[in-house]
Amino acid sequence: MASNTPLDPPEPRWPAVIAVLAVGGIYLALPASLAVGPRWLQLTIVLILLVPTVITHRRGHHALNQIFGHSIAVVTTFFMIWSLTLLVLAVPARKEAPLTMLRSAAVLWVTNVLVFAFWYWRLDAGGPHGRDLRVGHPTGAFLFPQMTLQDKGETDGLAWSPSFIDYLFLAFNTSTAFSPTDTPVLSRWAKVLTMLQSTISLTVVIVLAARAVNIL
């Protein structure tokens, strides 16, 4: 009888925790005029949501863990998009110094990478808990190169499954190249998210270019 126990140990969660804490931390670098409320507000909300997220994971309450995890993603996305809107509106108004605008755009670009990496990690193939229950990664919203090698028997029989760093790499490529590069997007929800991430990244790049022209 086949066992339902995965061959690999459970996927570590600490890289995702560091990522969302980094999002809250770098948000403190924004000027007050581009922040939503006090600059410490996002980090405080994330910390408050992280506590039950960690507890529910430890106790095996996976449905609640998913709710709290998605709540963190929604909160960080909300703050990022609102601040990006304020940044775009501040360009013609010239409310901030050019260097401050450039720094703010860079902060939001990095935030964009981390936030969408967290979304992909949370949603793909049922999220981290769903992937822990499977041997390998036979299905998912993204076709990682390792999945094609596994199909060809080129992974020495090892069952490969993505971790947070794989989704971070995917998000980084999407923000820099405006496409997932070597990882085809299969699911419709993933296509919507990658389009949204590329749009946000392109907007930030346009703001950077606009301010650089004014500086020169």
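Read the figures in this text as sums done on the coordinates, not as results from a lab. Here the structure is a predicted model, which is why all the values come from computation and not from measurement. For neighbour counting, all protein chains shown are included, and Cβ atoms are generated from backbone atoms with ideal geometry for every residue, glycine included.
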Of Asp182, Asp166, Asp124, the most mobile residue in a GNM of the chain (C-alpha springs, cutoff 10 Å) is Asp182
Using a Förster distance of 30 Å, how high is the FRET efficiency between Trp189 and Ser33, based on the Cβ-Cβ distance and rounded to 0.05? 0.35
Simple label model, 7 Å out from Cα along Cβ direction - Leu102 to Ile165, nm: 3.2 nm
Can you tell me the 0 to 90 degree angle between the C-alpha axis of helix 164-177 and the longest principal axis of the chain, rounded to 10? 40 degrees
Measuring from the longest principal axis of the C-alpha atoms of the chain, the long axis of helix 41-59 (C-alpha) lies at a number of degrees, nearest 10, equal to 10 degrees
If you put +1 on each Lys and Arg Cβ and -1 on each Asp and Glu Cβ, how big is the dipole of the range 14-215 around its Cα centre, in Debye rounded to 20? 600 debye
Non-local amide H neighbours of Phe142 (under 5 Å, H modeled in plane, Pro and chain starts lacking H): which ones? Leu186
Which whole-number percent gives the relative contact order of the chain, counting Cα pairs below 8 Å spaced six or more residues apart? 24 percent
Any chance you could give the angle, 0 to 90 degrees and rounded to 10, that helix 62-93 forms with the longest Cα principal axis of the chain? 20 degrees
